[in-house]
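First up is the structure itself, then whatever we jot down about it.
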Amino acid sequence: MLVVGTPTMDHWVTITNHQLCPISTSMSGKFFRLYNGGIGESHSALRFGVKAFASRKSVKKLKRDGKLGLVEEINAADKSAAEDGYVKDGNSVSSVDNLASQELTNIPSRSSVLQACAVTCGFIAALGVIIRQVSHVASVEGLPIIDCSTEVSFDFEIWHLELIIGLVILISSCRYLLLKIWPDFAESSEAANQQVLTSLEPLDYLVVAVFPGFSEELLFRGALVPLFGTDWKSVLVVASIFGVLHLGNGRKYSFAVWATFVGFIYGYATIVSNSIVVPMVSHALNNLVGGILWRYTSKSLK
């Protein structure tokens, strides 16, 4: 049985008598190299002794023929090859240790994820509020600028609930299908989820689902879409910006294409409902569903 703690803790190996012996990865690598090195040195010494014994009677003959220097060069080459093999073995074990350590340290801590989520979402939401407020003031002053706050409001009606449910079912189904048939998208999604969700507790999923869902929709569908014009062209432009901004951190162009598609759906729902509440709630619920499904199906947590 192997029990692994935090990335900075040593691995604990259970011995057959149920005693625990702490052996770090680097220590096990050193032991492996020392063991192999000892065998290599013993073997080299034995081979050297046999060669010396076998050639003891022919030293004088080799000296006469001028071939003693050639024999010494061959022996030196054998010894150098043995040392090179020892160094290569040591470097390979060390590289394995470094790779395992790097994979563990690439996962940010829970506090880092939550802090980054709060700061980033706060900035995005503040930007959306500023754009909506500035457009409102400019419109009141008679400037030719669309009032974002009146074009897309925070009103909510009963039929909006049906629209939200339909959006969650549509987007969750499309994502599930793409994960099965599009390997590149599945790889990008897995990389992003591992980086964000691995260190989180179950209740933290509400934070990383609701905060981005509300703040992103407030900026993109609540401010930029009405600012550019409430039509499908504006929706497509804003969705493309939304998709490009989802590149990076292991997410490839396939993920950007997916984010563009989702952004277009949310934008269309915004125009139909004239309410920012619909895309906000839909986005948050889709984030939550995706996070929960990943947590209970991902092999990286098992």
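Scanning the stretch 267-292 for residues that are farther than 18 Å from residue 208 by Cβ and assigned to a helix (DSSP H, G or I) yields 267, 268, 269, 270, 271, 272, 273, 277, 278.
In the stretch 182-199 there is at least one residue matching the filter, namely being assigned to a helix (DSSP H, G or I), surrounded by 13 or more Cβ atoms within 10 Å (Cβ to Cβ), under 30 Å from the mean Cα position of the chain (by Cα) and without any contact (Cβ under 8 Å) to a residue 24 or more places away in the chain.
Yes or no: the stretch 224-234 includes at least one residue that is within 20 Å of residue 173 (Cβ to Cβ) and either modelled with pLDDT under 95 or out of contact with any Pro (no Cβ under 9 Å at 6 or more places or on another chain) (or both). Scanning the stretch 224-234 turns up no residue that is within 20 Å of residue 173 (Cβ to Cβ) and either modelled with pLDDT under 95 or out of contact with any Pro (no Cβ under 9 Å at 6 or more places or on another chain) (or both). Candidates 149, 173, 153: the one that is exposed (fewer than 12 other Cβ atoms within 10 Å of the Cβ), of a type in the set (S, T, N, Q) and either modelled with pLDDT of 95 or more or under 38 Å from the mean Cα position of the chain (by Cα) (or both) is 173. You will find that of 236, 245, 203, 219, the residue that is more than 20 Å from residue 182 (Cα to Cα) and touching a residue at least 40 places away in the same chain (Cβ under 8 Å) is 219 and no other.
The values are calculated or read from the model by the stated rules, or taken from the named source; none is laboratory data. Bear in mind that the values here come from a model prediction, so they are computed numbers and not experimental data. Because the Cβ atoms are built from the backbone with ideal geometry, glycine has one as well, and the counts that use them run over all protein chains shown.
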